[in-house]
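Notes for the one structure printed next.
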There are 4 protein chains.
Amino acid sequence: MSGSAVLLIDCPDQRGLVARVSSLLYERGANILHADQHRDQELGLFFMRVEWELASEEVSGFDLNAFRAVFAPLAVELRMRWMLTSSTQRPRVALFCSRYLHCLADLLHRWRSGELLCDFCLIVSNHRDAEPLAGFYGVPFEYVETTAGTRDAAEERALTLLEEKRIELVVLARYMQILSPAFVSRYPAAIINVHHSFLPAFVGARPYHAAHGRGVKLIGATSHYVTEVLDDGPIIEQDVARISHRDQVDDLVARGRDLERIVLARAVRWHLERRILCYGNKTVIFD
Amino acid sequence: MSGSAVLLIDCPDQRGLVARVSSLLYERGANILHADQHRDQELGLFFMRVEWELASEEVSGFDLNAFRAVFAPLAVELRMRWMLTSSTQRPRVALFCSRYLHCLADLLHRWRSGELLCDFCLIVSNHRDAEPLAGFYGVPFEYVETTAGTRDAAEERALTLLEEKRIELVVLARYMQILSPAFVSRYPAAIINVHHSFLPAFVGARPYHAAHGRGVKLIGATSHYVTEVLDDGPIIEQDVARISHRDQVDDLVARGRDLERIVLARAVRWHLERRILCYGNKTVIFD
Amino acid sequence: MSGSAVLLIDCPDQRGLVARVSSLLYERGANILHADQHRDQELGLFFMRVEWELASEEVSGFDLNAFRAVFAPLAVELRMRWMLTSSTQRPRVALFCSRYLHCLADLLHRWRSGELLCDFCLIVSNHRDAEPLAGFYGVPFEYVETTAGTRDAAEERALTLLEEKRIELVVLARYMQILSPAFVSRYPAAIINVHHSFLPAFVGARPYHAAHGRGVKLIGATSHYVTEVLDDGPIIEQDVARISHRDQVDDLVARGRDLERIVLARAVRWHLERRILCYGNKTVIFD
Amino acid sequence: MSGSAVLLIDCPDQRGLVARVSSLLYERGANILHADQHRDQELGLFFMRVEWELASEEVSGFDLNAFRAVFAPLAVELRMRWMLTSSTQRPRVALFCSRYLHCLADLLHRWRSGELLCDFCLIVSNHRDAEPLAGFYGVPFEYVETTAGTRDAAEERALTLLEEKRIELVVLARYMQILSPAFVSRYPAAIINVHHSFLPAFVGARPYHAAHGRGVKLIGATSHYVTEVLDDGPIIEQDVARISHRDQVDDLVARGRDLERIVLARAVRWHLERRILCYGNKTVIFD
């Protein structure tokens, strides 16, 4: 297969939505690979993800622009929010990190192995620790100093870099700075963070210390989109690991690294595969 | 809501299947609650489950027989195997058990609590241990003796009981007898068993002993449809639990009981909700 | 084996504790079955659990009272809190419940199967729903009405029943009333509750609604000792299950029942086997 | 703390073992950090791990050689197999890999982060893919060609390298060659492999294909010591992940990589921390 298209839709629920979208695709000759729908009955919302072939041995070529033209009026009629993407256009991604590099190293290795279909165009950090890794994987590295008094300037600098590189997705791979609402508002549902607790337990700083203090028997990690409210954005993925009274804070930190790597990597992959729809403060994850 | 209909389909894959089925339902006025599709690209097969309302405040009544009449020719044309069921008709179920009663007690309690939408019409056992539980939950109990020389007669007796009660699903809740191919062939994809290992590891008798002997670090349980080949039928659900060198065989047995209860209960519920399609030796589970 | 003794110890850490306790047992001829120690280095505390045979084919009889007499001065010298129990004395337990009976039914079945080594002497409820189950398992049932204005009288009545029955452990099997600090203070580290969330996330009422509202990807359940602060006592066990956007509140409730059953049953079993030591607001669980 | 000693013991079970070992340590002034025992009652075996401080602010220095001299006669008397190691001597480790580099990259990053207390002295591969990673982390890389006719020569070459580097532990990080019994016998309980299935299910080649063919609902990975019988050595760690009918073989491979990384990393860490005792075909893992 030499590529596929993905259509993501959400709109008020009403009868015949699946019939109308799938009939339109059928008429245009689309060979559907996956289709999934979800209804939130409480809120009366409908969500859909359809993926079809763009070209293959059998398909000489699906005309994506022509489809876009006929789909747009239907979307207006049915009050849809929609996004149509092609796997031939790889999203441009920036990675932000600080001194803990396990998530960064993990994402870079997955990317090199072909697991993440995107272009890593930029690594931004307020420390220099990641520079050798960036060099090894051939990703441009930018050191952006952040000190108490210079957050605004630092964010300005980071935003300029993101624009220059035409970044579509920002991944906070254990970036230890809080982004301002102004920054966050520039990338709605396009900044993914990993928090080292099972949110909403232990919001804020030092969650492993808090978990140890409370004596929980499982620790967790959470990947989520960043919104203006700290640690409160739509949750994408969570996982947990069992601990015991034998584990000190350092052990939780070590165990937690494996969780952080995995929940962040899953979130990034699902975002890149256009499997995530945000609504309210939640996510639909099409599997 | 006063009921819903479920249509389960599998057929050779081809373009337009979703469009044609969903359009037909749309034309008949169905209010679709859930729809899910799956393609097995390797085998070129298509699977679909659609659930829609039969009647509600807004829906005065969907005519299931009329739909059946118009759907049948389409199914022939597209070479579909299909099943159309209504939630207003509760499946009639028989439970088989021996001396271990944890799965039986669990299913009966879930049924009493309204978690399992079926009629438990019969409990068959080669021991009398389950009789008080059957009495407490008001399910007819039949003792069917099985000894070395009388398996054929015992199966004959059990089949007669199943026919008298018009049983549609047989659940082997830790039933310690092996059913003959002749018996099994009477209930294709309608006998659910629980095996106390993570199949295909440790097929056959005494799997906890085998797991202990091999020194595994996780034990499992598997629910599956029964076929003529022992422990080889389509797997419905599996789960595992962590064990350690401290656990002796008795500990594995005790830990395993919780797994057995849960994987069997899930399988029974999914079957009753028409979420399972068998193909080859595998299952599609629509969630 | 016809019984074993368990010694639970906690004291300030110092050198030679294991040597002194194990030497004393060795001198008295104890055949140790299990021994486990834990040090909390941060707090400088030492915890130990030792289990040994009381009588067997080889052991004509270990004199528990004689051991108690020689151990007591050592315990004073080393500033130990300690508890010495014999498996021949089964703890007397009361179960409290309301209208959700899944935890109660589960505990009663485990008890009947020999999994829980205790005497269930009493079931207390503010509803009559559990009465048939109590009757089936032969456990005395007491209906204690609780209305807005009568909590004090109801607790008084419950305490009287607990005293009459000489209850040592109270299990709240989804009991939907909040116990007063006065009640709780009568049974320190002897009231076990199950909370239907992954504490400390979603404390308080309706945690499944809260979990659904927040859009988490895992739900949990927690068993803990009850203290005067609601949902804040020492955590004994926790477990989680994966959910998705497809799950409504009712689905979370249903999925959660399996978690609640399991984390409560484990907590009760570990308490009965003297595997739990509380310190501060945490637990050591000897496995 | 500037180091600790670990004593691992296994011997026939008898009374007083804990008392005698802990008393000896107490007399020599050892400050015990952790102590754990296990009895296999079926086989009548006793296992023990003790860890104590070698020097700290309070401990001017524990004389390990003097202890060894007094412990040796006791060990003979009690028929113990034993190993006494100091954390100040870091084990020398070789990594073997082929073309899949996820386990190698993971181990190297953990090592760099300080999670694995050893010296990675050598990377051996029958492909050149790992050479850049080896260079980045500064570990000597040796390409050893293995073709159908040259296995003996290749193993000879590898053994020479291992001896030159005085390697104590060999980690097969997805090394796709089967080692000969002669090779294996040179490193008893000192070669760790990761197998990409939940052993003993799906032994041999292409386990993800086999798992897909059988239609299992969970896939697994297993780390184990290598013995002369393929995929049959003592299991160290296992973990599983949930899959569904939607997952093709490629998806299993991708999901499985995360399992392989984690179970292999845990096995290596536990081996380095002297937490593993082999007996028969099983392991005791001291946590």
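The values are calculated or read from the model by the stated rules, or taken from the named source; none is laboratory data. For clarity, every value in this text was computed on a predicted model and none was experimentally measured. Methodologically, a virtual Cβ is constructed for each residue, glycine included, from the backbone with ideal geometry; neighbour enumeration extends over all protein chains shown. Remember, those area values only see protein heavy atoms, side chains included, never the ligands or the DNA or RNA. Shrake-Rupley method; radii C 1.70, N 1.55, O 1.52, S 1.80 Å.
Tally time: how many residues in region C:212-224 are under 13 Å from C:V240 (Cβ atoms) and at the interface with chain A (Cβ under 9 Å from one of its Cβ atoms)?
5
Filtering A:R20, A:R68, A:R79, A:R92 for residues that are within 14 Å of chain B (Cβ to nearest Cβ), open to solvent by 10 Å² or more (accessible area, probe 1.4 Å) and of a type in the set (K, R) leaves a single hit, A:R20.
Counting only residues that are more than 22 Å from the chain's Cα centre (by Cα) and open to solvent by less than 50 Å² (accessible area, probe 1.4 Å), region A:134-149 holds 2 of them.
Taken as a whole, the structure places C:R110 among residues that are surrounded by 16 or more Cβ atoms within 10 Å (Cβ to Cβ), touching a residue at least 12 places away in the same chain (Cβ under 8 Å), within 23 Å of C:A190 (Cβ to Cβ) and out of contact with any strand residue (DSSP E or B) (no Cβ under 8 Å at 6 or more places or on another chain). Of the residues making up region A:49-59, none is buried (at least 17 other Cβ atoms within 10 Å of the Cβ), away from every other protein chain (no Cβ under 14 Å), touching a Ser or Thr at 6+ places or on another chain (Cβ under 6 Å) and in a strand (DSSP E or B). So, in region D:23-43, how many residues would count as being crowded, with 18+ Cβ neighbours inside 10 Å, of a type in the set (D, E) and more than 8 Å from chain C (Cβ to nearest Cβ)? Count: 1. The residue that is nearest to the other protein chains (Cβ to nearest Cβ), among those in region D:249-287 that are open to solvent by less than 20 Å² (accessible area, probe 1.4 Å), β-branched (V, I, T) and assigned to a helix (DSSP H, G or I), is D:V263. Within region C:179-201, one or more residues are at the interface with another protein chain (Cβ under 10 Å from one of its Cβ atoms), part of a loop (DSSP other than H, G, I, E, B) and within 28 Å of B:W270 (Cβ to Cβ).
Restricted to region A:69-94, and to residues that are within 21 Å of A:Y187 (Cα to Cα) and of a type in the set (K, R), which residue is nearest to the chain's Cα centre (by Cα)? Looking at the filtered set, the residue picked out is A:R92. Among the residues of region C:226-248, write down those that are on the phi < 0 side of the Ramachandran plot, open to solvent by 10 Å² or more (accessible area, probe 1.4 Å) and more than 8 Å from every other protein chain (Cβ to nearest Cβ). Correct list: C:V226, C:T227, C:E228, C:V229, C:L230, C:D232, C:A241, C:I243, C:D247.
Results for (1) at pLDDT below 95; (2) within 24 Å of C:G256 (Cβ to Cβ); (3) in the same structural domain as C:V184 (by TED's automatic domain parsing); (4) in a loop (DSSP other than H, G, I, E, B), shown as yes or no for each residue.
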position	(1), (2), (3), (4)
C:A75	no, no, no, no
C:R79	no, no, no, yes
C:D106	no, yes, yes, no
C:H109	no, yes, yes, no
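How about region C:109-143: which of its residues are charged (D, E, K, R) and within 13 Å of chain B (Cβ to nearest Cβ)? Listed by number, the residues that qualify are C:R110, C:R112, C:E115, C:D129, C:E131. Quick check: is even one residue across region C:2-11 more than 8 Å from chain D (Cβ to nearest Cβ), hydroxyl-bearing (S, T, Y), under 22 Å from the mean Cα position of the chain (by Cα) and more than 16 Å from C:R81 (Cα to Cα)? Scanning region C:2-11 turns up at least one residue that is more than 8 Å from chain D (Cβ to nearest Cβ), hydroxyl-bearing (S, T, Y), under 22 Å from the mean Cα position of the chain (by Cα) and more than 16 Å from C:R81 (Cα to Cα).
If you take the residues of region A:156-168 that are open to solvent by less than 20 Å² (accessible area, probe 1.4 Å) and in a helix (DSSP H, G or I), which of them is farthest from the other protein chains (Cβ to nearest Cβ)? Top of the filtered list is A:L159. In region C:169-190, is there at least one residue being without any contact (Cβ under 8 Å) to a residue 12 or more places away in the chain and open to solvent by 60 Å² or more (accessible area, probe 1.4 Å)? Yes, some residue in region C:169-190 is without any contact (Cβ under 8 Å) to a residue 12 or more places away in the chain and open to solvent by 60 Å² or more (accessible area, probe 1.4 Å).
For every residue, the table says whether it meets (1) closer than 23 Å to D:I192 by Cβ; (2) of a type in the set (F, W, Y); (3) part of a helix (DSSP H, G or I).
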{"position": "D:V70", "(1), (2), (3)": "no, no, yes"}
{"position": "D:F96", "(1), (2), (3)": "yes, yes, no"}
{"position": "D:E115", "(1), (2), (3)": "yes, no, no"}
{"position": "D:G135", "(1), (2), (3)": "no, no, yes"}
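Select from region D:22-38 the residues that are outside any loop (DSSP other than H, G, I, E, B) and either farther than 30 Å from B:H212 by Cβ or over 22 Å from the mean Cα position of the chain (by Cα) (or both) and list them in ascending order. Break it down stepwise before answering.
Start the filter on region D:22-38 by keeping residues that are outside any loop (DSSP other than H, G, I, E, B), which leaves D:22-27, D:32-38.
Once the filter is applied, which keeps residues that are outside any loop (DSSP other than H, G, I, E, B) and either farther than 30 Å from B:H212 by Cβ or over 22 Å from the mean Cα position of the chain (by Cα) (or both), region D:22-38 yields D:S22, D:S23, D:L24, D:L25, D:Y26, D:E27, D:I32, D:L33.
The single condition from (1) assigned to a helix (DSSP H, G or I); (2) touching a residue at least 24 places away in the same chain (Cβ under 8 Å); (3) open to solvent by 40 Å² or more (accessible area, probe 1.4 Å) that A:H212 fails is (3).
Annotation note: Cβ proximity below 6 Å between a residue of region A:253-278 that is in the same structural domain as A:I219 (by TED's automatic domain parsing) and more than 17 Å from A:V170 (Cβ to Cβ) and a residue that is of a type in the set (G, A, S) and surrounded by fewer than 24 Cβ atoms within 10 Å (Cβ to Cβ) (sequence gap 6+ or interchain) occurs for A:R255/A:A241; A:L259/A:A241.
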